[in-house]
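Report on one structure; see the data block that follows.
The values are calculated or read from the model by the stated rules, or taken from the named source; none is laboratory data. It should be emphasised that the depicted structure is a prediction, and the values quoted were computed from it without experimental measurement. Neighbour counts run over all protein chains shown; Cβ positions are idealised from the backbone, glycine included.
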Amino acid sequence: MVKLIHRCEDFALIGALITMLAIALMQIVLRNFFDSGVLWAETFSRVLVLWLAMLGAMVATREQNHINIDVLSRYLQPLALKITHVVTSLGAAVICGTAAYYCYGFVLFEYEDATIAFASVPHWLCQAIIPIGFGIMSFRFILQCLQQIRS
């Protein structure tokens, strides 16, 4: 089940990237050769950038390949290093969980406003990836914290 979720994340990330590149290429061709273009393409590309960033952060957290500062890891003893990993994973989980909570409220406001982002797609649907992504990252940081405690 977990591998299926990972495959879905990877597929969504690759699909968003390919779609964004295709839309950009289509716009270039339409503008340069046909003096036209798709009206909602720019907005859709911006939404795809948001989705790419959140999906990429989710995958980086899954792979434990996210940005970190490891200057202390070179000087700490193994036990102190493990404690540092537990504390930083727990702190990242709290920060991502808090961001997920407040972003969920933001998406609810967008849902209530019922504004349209592009081509009859509501804003809240475009921004739904933000609380979902932060929630998944928070969960993964908690799992990493528990994994460090167990080992």
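The set of residues from the stretch 27-48 being modelled with pLDDT of 90 or more, touching a helix residue (DSSP H, G or I) at 6+ places or on another chain (Cβ under 7 Å) and among the hydrophobic types (A, V, I, L, M, F, W, C) comprises Ala41, Phe44, Val47, Leu48. Annotation note: of Thr84, Thr19, Thr88, the sole residue that is out of contact with any His (no Cβ under 8 Å at 6 or more places or on another chain) and within 22 Å of Gln127 (Cβ to Cβ) is Thr19. Residues that are over 17 Å from Ala119 (Cα atoms) and surrounded by 14 or more Cβ atoms within 10 Å (Cβ to Cβ) within the stretch 25-43 comprise just one, Leu30.
Search the stretch 121-133 for residues being crowded, with 16+ Cβ neighbours inside 10 Å and without any contact (Cβ under 8 Å) to a residue 40 or more places away in the chain, and hand back the single one that is farthest from Arg46 (Cα to Cα).
Quick first cut of the stretch 121-133, residues crowded, with 16+ Cβ neighbours inside 10 Å only: 122-124, 126-133.
With the extra rule that they be without any contact (Cβ under 8 Å) to a residue 40 or more places away in the chain, the set shrinks to 122-124, 128, 131.
Values: Pro122: 14, His123: 12, Trp124: 14, Ala128: 14, Pro131: 18 Å.
For the stretch 121-133, the residue satisfying everything is Pro131.
Among residues of the stretch 1-13 that are under 27 Å from Ser45 (Cβ atoms), none has a Cβ under 8 angstrom from a residue that is in a helix (DSSP H, G or I) and of a type in the set (S, T, N, Q) at a sequence gap of 6+ or on a separate chain. Screening Ala60 against (1) more than 22 Å from Cys145 (Cβ to Cβ); (2) aliphatic (A, V, I, L, M); (3) in contact with a His (Cβ under 7 Å, 6 or more places away or on another chain) leaves a single unmet condition, (1). Scan the stretch 105-120 for residues that are surrounded by 13 or more Cβ atoms within 10 Å (Cβ to Cβ) and either under 20 Å from the mean Cα position of the chain (by Cα) or part of a helix (DSSP H, G or I) (or both) and the total you get is 5.
Within the stretch 45-104, restricting attention to residues that are loosely packed, with under 15 Cβ neighbours inside 10 Å and among the hydroxyl-bearing types (Ser, Thr, Tyr), the residue that is farthest from the chain's Cα centre (by Cα) is Tyr75. Could you grab the pairs with beta carbons closer than 9 Å, sequence gap of 6+ or different chains, first residue in the stretch 59-78 and closer than 19 Å to Leu90 by Cβ, second one in a loop (DSSP other than H, G, I, E, B)? That search, which allows pairs on different chains as well, returns Ala60/His66; Ala60/Ile67.
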